Amino acid sequence: MKLLPLTPDGQTPVRVLTIAGTDSGGGAGIQADSRTMALCGVHACVAVAAVTVQNSVGVSGFHEIPPETVAAQVRCVVDDIGVGAAKTGMLASTAIIEAVAAVCTEVGIGRDKPVPLVVDPVCASMHGDPLLHAEALDAVRNTLIPIATVVTPNLDEIRLITGIEVVDDPTARRAAEALHALGAQWSIVKGGHLRTSASSTDLLFDGDTFLEFSSPRIDTGNDHGGGDTLAAAIASALAHGWSVPDAVAFGKEWVTKCLEASYDLGAGHGPVSPLWRLRHP
């Protein structure tokens, strides 16, 4: 696996902005994003969109940050520090989605903009707990996905966003086409939850060509934060100047390694772990 370079001491690393919610259990959300970005040689900047109350068992509540405060975090980071890529995670509400889309467009983040944007359209936790108000799905479809350089939903999110139940390769291709039709420059349909073979295959589509990225399926229940980790790894590679297909290939390998290194935590699902990178500088 070709790893992203670590920045020598004293030199400023590339920067990536994550616009997402927190995870008080530390397994997903901004915490997972920041861990992966740091171990990909990236300085992580943060715009907090929501604060969740959760642990390894589930999410018991969340508090939304005022939309104008979310947008102000994005603006002040870009104006002063600058970023090479950005990603979104949990955005919670229509108002926050609209504020994030507007400020990203304003500061040059998104498809056809100088700074690429990875959209992880978080709708629910892996336990099924809602992380997005139901009425905000239209904003995801009509406001957020159209500014995405890459959109990375899981299968449940694809069903909610497109109405397509992915059960095999033909439905995966239909879903990728539907996501692209909503405006994303590149769409990913992830195969990790499609447990129909010994391998996990992700499908990437740019409107013309399908690319497949496969890895051995890792037999573990400790996969909390896997989607966040994949999107953060892709954004980190894009910030390093990699192409979208190369960044997705890297993200796929990265999250597979993180699944192999996952560990037990609490009474529920443990997190995927990028800490394996510490043994491979």
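The values are calculated or read from the model by the stated rules, or taken from the named source; none is laboratory data. All figures in this text were calculated on a predicted structure; none of them were measured in a lab. Here Cβ is always computed from backbone atoms with ideal geometry, including for glycine, and neighbour counts include all displayed protein chains.
Structure data summary
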| read-out | value |
| --- | --- |
| Residue tally, condition buried (at least 16 other Cβ atoms within 10 Å of the Cβ), at pLDDT 95 or above and on the phi < 0 side of the Ramachandran plot, over segment 175-198 | 13 |
| Search result, residues across segment 212-244 that are of a type in the set (S, T, N, Q) and in contact with an Asp or Glu (Cβ under 9 Å, 6 or more places away or on another chain) | Ser214, Ser215, Thr220, Asn222, Thr229 |
| Residue in segment 92-104 that is closer than 28 Å to Leu265 by Cα and of a type in the set (Asp, Glu) present | no |
| Residue in segment 145-159 that is closer than 29 Å to Ser243 by Cβ, of a type in the set (D, E, K, R) and touching a helix residue (DSSP H, G or I) at 6+ places or on another chain (Cβ under 8 Å) present | no |
| Lone qualifier among Leu144, Leu155 - being surrounded by 19 or more Cβ atoms within 10 Å (Cβ to Cβ), within 29 Å of Gln54 (Cα to Cα) and either of a type in the set (Gly, Ala, Ser) or modelled with pLDDT of 95 or more (or both) | Leu144 |
